[in-house]
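Enquirer: Pasting a structure here, questions to come.
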Amino acid sequence: MLTLRGRVPRRGKFLSDIGIIRDGALLIRDGVIAAVGARSEVELLPESRSAEKLDVGGRVALPGFVDSHTHLIHAASRAEEYELKIAGASYEEIARKGGGILNSVKKLRAATAENLKKRAHSALRQFAEYGTTTLEAKSGYGLNVTSELKILRLHKELSAEQPLEIVSTFLGAHVVPAEYRSKRGGAEQYVALLTDKLTPEVASGRLAEFCDVFCDRGAFSVNEAKKILEAGKQHGLASRVHAEQLTRSGATQLAVQLGAASCDHLEQVSKADIRALAKSNTVATLLPGCDFHLGLKQYAPARALIDAGDIVALATDYNPGTSPTVSMPMILSLACSQLRMSPAEAIVAATVNAAYSLKRDRRIGSLETGKQADIAIFDVNDYREIPYYFGANKCWMTLKKGQPVFQKAHT
Ligand code: NIG
Ligand code: FE
């Protein structure tokens, strides 16, 4: 059992602390961990005698993954663009021709809430199949009042209709939508729509906890991002930022200045950015699925981030354009082989540190007394086999608040 007990957030050498207990056991009461330790001790507790027993047969149990960056709600895949990218078109070229995010916006606006929900439910079942128990979800394929609110309301409805916990983020600032691009001063007007109309509405409807901006060439500038994130903060939405993905924009420095919860991507970060993050409590969330899917060679410099003392987390970035995967185990494999993180570091980044970035570390992210019984059980002999067996799903069972939400069929 990997308990992941200990200090949160974890930096530097502490990023390897996974708190292994050999032949461990947990006692769960009302979805909460009541005791954790060696099986011989936990079994002797008076309450254990009347407890229902679940023998996982020597498999590896760890906290359910916390996927702290997803674009859960979208209408369709962009497989046609995938083929264009393989043939040599870049992500930015496709976006300039009206593909990319704008392609997904067109499809989402045309989709019914019912169909979007059906697709999301199916994705959520798959997240559970790969051991994820909590995920963040961003809006950002609506980009007008009606469609952004439609997405954020779906986050709320989905939270009530299925067992995984969804943390909602408002990403009205994904890109400037087509109808504002075509007119003079359009970008400025769209930013004003976000700050003066949508943000207050999102906050008063309690539709999101976080506000995010895609700050990059072709999306929003640092100045625009500052306005949008400050408006979010004024309305009680903490900041997250898509930073230094395609180009170095300076978004990381802004994220640190604003005390952002998370700064994500970071393929193009500078040494000064890495140092600024180390002095802050802003989490550096790495998304290696994007670089893998887009076939890019430059992954985020994870080793430099870890050595400097940044709080490193990992997430899927589940989205139709750059990372269409729900699999945290695949992200761990990429973190190990491409980012050169150790399996232990990758697991900490995908659990406790990710929970910290979502401001939920007191309740989830580790298997400790008093925390929620969110558990992933893998059919492996050694935790290092979780990233090692890439591309095959070794998740055997997933529990949310002590209840199974996925169980592998007997083979
Ligand atoms: O995290 N970078 C911006 N947003 C997404 C991509 C969205 C898309 O292409 O649809 C990302 O990579
Ligand atoms: Fe993203």
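The values are calculated or read from the model by the stated rules, or taken from the named source; none is laboratory data. The model shown is predicted, which means the values in this text are computed figures rather than measured ones. When we count neighbours, we look across all protein chains shown, and the Cβ atoms used for this are built from the backbone with ideal geometry, even at glycine.
Enquirer: Pick from segment 69-91 the residues that are within 16 Å of ligand 2 (Cβ to nearest atom) and in contact with a Leu (Cβ under 8 Å, 6 or more places away or on another chain): which of them is farthest from Leu135 (Cα to Cα)?
Expert: Among those residues, the one meeting the criterion is Tyr91.
Enquirer: Applying the selection to segment 2-57, what residues are in contact with a helix residue (DSSP H, G or I) (Cβ under 8 Å, 6 or more places away or on another chain) and of a type in the set (Lys, Arg)?
Expert: Those that are in contact with a helix residue (DSSP H, G or I) (Cβ under 8 Å, 6 or more places away or on another chain) and of a type in the set (Lys, Arg): Arg7, Arg10, Arg11, Arg29.
Enquirer: Something else: With segment 281-348 as the region, which helices (runs of 4 or more DSSP H) entirely inside it contain at least 3 residues that are within 12 Å of ligand 1 (Cβ to nearest atom), touching a residue at least 24 places away in the same chain (Cβ under 8 Å) and under 28 Å from Trp396 (Cβ atoms)?
Expert: Working: elements: 288-294, 302-308, 328-337.
Counting at least 3 such residues, we get 288-294.
Enquirer: A follow-up question, please. Within segment 132-139, identify whether any single residue is away from ligand 1 (no atom under 16 Å from the Cβ), farther than 19 Å from Leu399 by Cβ and either under 19 Å from the mean Cα position of the chain (by Cα) or among the hydroxyl-bearing types (Ser, Thr, Tyr) (or both), and answer yes or no.
Expert: No, because not a single residue in segment 132-139 is away from ligand 1 (no atom under 16 Å from the Cβ), farther than 19 Å from Leu399 by Cβ and either under 19 Å from the mean Cα position of the chain (by Cα) or among the hydroxyl-bearing types (Ser, Thr, Tyr) (or both).
Enquirer: Sticking with this one: Return yes or no: is Ser159 among the hydroxyl-bearing types (Ser, Thr, Tyr) and crowded, with 18+ Cβ neighbours inside 10 Å?
Expert: no
Enquirer: May I ask you to list pairs of residues, at least six apart or on different chains, whose Cβ atoms are under 7 Å apart, with the first in segment 211-235 being in contact (Cβ under 8 Å) with a residue 12 or more places away in the chain and β-branched (Val, Ile, Thr) and the second being within 16 Å of ligand 2 (Cβ to nearest atom) and part of a loop (DSSP other than H, G, I, E, B)?
Expert: These pairs meet every condition: Val222/Ser249.
Enquirer: When you go through Gly365, Gly370 one by one, which is the residue that is of a type outside the set (S, T, N, Q), under 16 Å from the mean Cα position of the chain (by Cα), at pLDDT 95 or above and assigned to a loop (DSSP other than H, G, I, E, B)?
Expert: After applying the criteria, what remains is Gly365.
Enquirer: Further question: I'd like the residue in segment 154-193 that is of a type in the set (Val, Ile, Thr) and in contact with an Asp or Glu (Cβ under 7 Å, 6 or more places away or on another chain) and, out of all such residues, is farthest from Gln403 (Cα to Cα). Don't jump to the end; show me each part of the working.
Expert: Filtering segment 154-193 for residues of a type in the set (Val, Ile, Thr) gives 166-167, 169, 175-176, 191.
Subsequent filtering for residues that are in contact with an Asp or Glu (Cβ under 7 Å, 6 or more places away or on another chain) retains 167, 169, 191.
Values: Val167: 20, Thr169: 26, Val191: 43 Å.
By that ranking, first place goes to Val191.
Enquirer: Which one is surrounded by the most Cβ atoms within 10 Å (Cβ to Cβ), of the residues in segment 368-411 that are more than 13 Å from Phe65 (Cβ to Cβ) and of a type in the set (A, V, I, L, M, F, W, C)?
Expert: This residue is Ala373.
Enquirer: Something else about it: Could you grab me the full set of residues in segment 22-42 that are farther than 17 Å from Asp374 by Cβ and among the aliphatic types (A, V, I, L, M)? Walk me through it before giving the result.
Expert: The initial filter retains those residues of segment 22-42 that are farther than 17 Å from Asp374 by Cβ, namely 22-23, 37-42.
Within segment 22-42, Ala38, Val42 meet the criteria.
Enquirer: Same structure, new question: For residues that are surrounded by 17 or more Cβ atoms within 10 Å (Cβ to Cβ) and on the phi < 0 side of the Ramachandran plot, tally how many sit in segment 297-319.
Expert: Of the residues in segment 297-319, 16 are surrounded by 17 or more Cβ atoms within 10 Å (Cβ to Cβ) and on the phi < 0 side of the Ramachandran plot.
Enquirer: Let me ask another. Residues of segment 387-411 being under 19 Å from Val348 (Cα atoms) and part of a loop (DSSP other than H, G, I, E, B), which ones?
Expert: Correct list: Tyr389, Phe390, Lys394.
Enquirer: Does Gly140 meet the test of being part of a loop (DSSP other than H, G, I, E, B), of a type in the set (Gly, Ala, Ser) and crowded, with 19+ Cβ neighbours inside 10 Å?
Expert: yes
Enquirer: Please find, among Tyr91, Tyr130, the residue that is within 23 Å of Ser333 (Cβ to Cβ) and at pLDDT below 95.
Expert: Values: Tyr130 fails: at pLDDT below 95.
Tyr91 is the lone residue from the list that is within 23 Å of Ser333 (Cβ to Cβ) and at pLDDT below 95.
Enquirer: To continue, here is another question. Filter segment 119-134 for residues that are surrounded by 16 or more Cβ atoms within 10 Å (Cβ to Cβ) and of a type in the set (Ser, Thr, Tyr); which is farthest from ligand 2 (Cβ to nearest atom)?
Expert: Checking each candidate, the answer is Thr133.
Enquirer: Checking the condition of a type in the set (Gly, Ala, Ser), free of Cβ contacts under 8 Å to residues at least 40 places away in the same chain and away from ligand 1 (no atom under 16 Å from the Cβ), which residue from Ala260, Ala238, Ala272 passes? Working first, answer last.
Expert: Numbers: Ala260 fails: away from ligand 1 (no atom under 16 Å from the Cβ); Ala238 fails: free of Cβ contacts under 8 Å to residues at least 40 places away in the same chain.
The unique qualifying residue is Ala272.
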